[in-house]
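Below is one structure, written out as structure tokens, with a few remarks after it.
Quick note: the coordinates plus some simple rules give every number you see, no bench work behind them. The structure displayed is predicted, hence computed values, not measured ones. Note that we place each Cβ from the backbone using ideal geometry, even for glycine, and neighbour counts take in every protein chain shown.
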Amino acid sequence: MVVSIFRSRIRPQHEAEYQVLAAEMLTLARAMPGFLAYRFFSSEDGERCSIVEFESLEELQAWRDEPRHREAQKLGRERFYTEYSLCVADPIRESSFQL
């Protein structure tokens, strides 16, 4: 498994437009080979965090390079984000607990 952690802040005036595109991108990501999971969190100060898991780095890279996703990335830089950071990581260790 490989994990991408995308932290961002959205320009408030474009929030509604961003939400439409984000929903489209999530549908597209879920259809990509190797997609495992998506989680989203936001903080009171406006920072957002998306965590996306794929089975392999190659499959995550295929998502990164998907043409419609590339267009969305460009729109993000030009229109939606005031800032963002991306971290791609291979988990060193995994454990879980379920009651």
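Some notes on this structure:
- Look at the dipole of the chain built from charges on Cβ: of ALA37, ALA62, TYR81, the Cα furthest out on the positive end belongs to TYR81.
- Matching the structure-derived Cα Rg over 2.2 N^0.38 Å against the labelled list (i) 1.12; (ii) 2.25; (iii) 2.51 gives the label (i).
- Summarising the label geometry, the points placed 7 Å from Cα in the beta-carbon direction at ALA89 and ILE51 lie 0.9 nm from one another.
- Cut-off 19 Å, label 7 Å out along Cα→Cβ of ARG9, residues of the range 50-84 by amide N: 50, 76-84
- Furthest towards positive pole of dipole, PHE6, LEU28, ALA72, structure part the chain, Cβ charges: ALA72
- When +1 charges are put on Lys and Arg Cβ atoms and -1 charges on Asp and Glu Cβ atoms, the dipole computed for the chain relative to its Cα centre reaches about 200 debye.
- In this rough spin-label picture, where each label sits 7 Å from Cα along the Cβ direction, the LEU75-GLU59 distance is 2.6 nm.
- Relative contact order computed over the range 2-89 (Cα-Cα under 8 Å; 6+ residues apart), in percent: 50 percent
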